[in-house]
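Chemist: So that we are looking at the same thing, I have put the structure below in structure tokens.
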Amino acid sequence: MTSALIDSLRKGNRLALSRILSQVENGTETGMAALEELFLETGNAQKIGITGPPGSGKSTLVNALARELRQRQPDKKVAIIAVDPSSPFTGGAVLGDRVRMLDLEVDKQIFIRSMASRGALGGLAEQTEALSQVFDAAGYDFILIETVGAGQSEVDVVNLAHTTIVVDTPGTGDDIQSIKAGILEIADILVVNKADRPGVDQSVSYLRNMIEMGYARSINNGKHHLQDFHEDTVNEPAPAGWIPPILKTIAYEYQGIKELTDAILAHAAHLRQSGQWHAKDQASIRANIRRQLITSLLSDFNQKVPTNLLDSLIEKAQKRAISPNEAVRVLLTYNRIISLESSE
Ligand SMILES: Nc1nc2c(ncn2[C@@H]2O[C@H](COP(=O)(O)OP(=O)(O)OP(=O)(O)O)[C@@H](O)[C@H]2O)c(=O)[nH]1
Ligand SMILES: [Mg+2]
């Protein structure tokens with residue numbers, strides 16, 4: 001049954017895709033089996049994470065980007081994943097935006113998915129990774145992942161992307177706080193959206209300073225060459241690094257979208273040429289295996305070792321009657337004995 005569904009997905013059947021996405025999202029047996037099979041067909045899509053404060057215009061940008069990518073490369077397909085949307089995909093958007101969303105859905109080479117639930121498959125990041133693997137295997141070339149830039153779990157989500165876009169808006173002076181320093185460091189492209197509002201140039205120069213400070217730090221660590229900084233060093237050998245461009249957009253008027261698309265495609269080319277595309281892919285597979293290994297070892301341990309034994313050993317260590325080391329040794333020995341007994 002599963003393989004019939006997977007075959008339909010391979011043929012581009014949107015209903016099959018939608019059903020497999022739900023199965024994967026709910027962590028059902030069918031879903032997990034599909035994911036195992038489909039993983040072998042992944043590795044082609046460019047995953048693009050879009051993060052930023054609530055209401056900064058991420059959905060509007062994603063919308064415009066999907067349209068632009070499709071116009072430019074009509075043979076390519078675009079998937080959109082809205083992670084943990086604070087509101088439906090169009091957010092607090094006015095009717096005009098919703099009408100445009102409908103336009104998008106008419107295009108059968110664009111597939112929009114909001115992540116409805118969480119927790120079935122580990123964290124938000126694991127779930128997003130699983131859904132993007134399904135899209136990747138289904139032949140989607142670009143996967144746009146929207147998430148509100150709020151904390152570590154969002155950083156984890158965008159970390160799985162090839163290209164991370166951080167969106168900010170011109171502020172009233174306190175915008176310094178609107179983007180967390182940790183979020184800026186993961187940006188491959190910075191966007192100041194709502195450039196129709198006052199203060200846009202201050203925001204751009206603020207962000208430029210932050211980026212240059214970040215680069216100065218990494219140069220001190222020996223990661224980059226000084227020429228990475230300067231646009232006027234085009235005759236120098238090609239820099240190994242990528243300097244995040246800062247772009248101004250007015251998403252709902254489609255302004256700056258072409259430049260943003262150029263930057264996204266240029267970043268993909270940069271990753272491929274520098275070998276980072278391959279390296280990222282290898283690292284994410286390694287991390288995936290490690291994560292699953294730890295999860296399943298831990299769940300095996302939890303099944304075999306009673307909680308009260310664990311608790312009593314913790315208590316002993318807390319009283320300094322034994323060391324934490326010894327507590328672990330006892331627990332592992334117990335686990336080994338139980339495993340031996342159950343295999344007899
Ligand atoms: N002035 C102005 N408003 C914009 C621009 N782009 C989007 N908006 C509006 O900003 C509001 C929020 O846009 P969304 O795209 O929903 O923002 P979001 O970041 O996805 O919001 P959440 O997903 O709720 O965090 C909507 O009313 C948009 O129409 C812009 O360039 N200028
Ligand atoms: Mg949104």
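The values are calculated or read from the model by the stated rules, or taken from the named source; none is laboratory data. Just so it is clear, the structure is predicted and the values come from calculations on it, not from any experiment. Glycine gets a Cβ as well: all are built from the backbone with ideal geometry, and neighbour counts include every protein chain shown.
Chemist: Please give the helices (runs of 4 or more DSSP H) falling wholly within the stretch 1-53 in which 2 or more residues are of a type in the set (Lys, Arg) and out of contact with any Ser or Thr (no Cβ under 7 Å at 6 or more places or on another chain). Even if it seems obvious, please write down each step before you answer.
Modeler: On the way: elements: 2-10, 14-25, 29-39.
Those helices (runs of 4 or more DSSP H) span 14-25.
Chemist: Given 231, 253, 236, which one is exposed (fewer than 15 other Cβ atoms within 10 Å of the Cβ), modelled with pLDDT of 90 or more and of a type in the set (Asp, Glu)? Please lay out each step first, then the result.
Modeler: Numbers: 231 fails: modelled with pLDDT of 90 or more; 236 fails: modelled with pLDDT of 90 or more.
Only one candidate passes the filter, namely 253.
Chemist: What tally of residues in the stretch 134-167 results from selecting those that are under 25 Å from residue 266 (Cβ atoms) and at pLDDT 90 or above?
Modeler: So the first thing to find is which residues in the stretch 134-167 are under 25 Å from residue 266 (Cβ atoms), and the list is 135-136, 139-147, 149, 154-155, 157-167.
Restricting the remaining residues to those that are at pLDDT 90 or above gives 135-136, 139-146, 161-167.
Counting residues in the stretch 134-167 that are under 25 Å from residue 266 (Cβ atoms) and at pLDDT 90 or above gives 17.
Chemist: Considering only residues that are of a type in the set (A, V, I, L, M, F, W, C) and farther than 20 Å from residue 300 by Cα, which ones fall in the stretch 311-336?
Modeler: Matches in the stretch 311-336: 317, 321, 322.
Chemist: OK, next. Residue 52: within 15 Å of ligand 1 (Cβ to nearest atom) and modelled with pLDDT of 85 or more, yes or no?
Modeler: Numbers: within 15 Å of ligand 1 (Cβ to nearest atom): yes; modelled with pLDDT of 85 or more: yes.
Spelling it out, residue 52 is indeed within 15 Å of ligand 1 (Cβ to nearest atom) and modelled with pLDDT of 85 or more.
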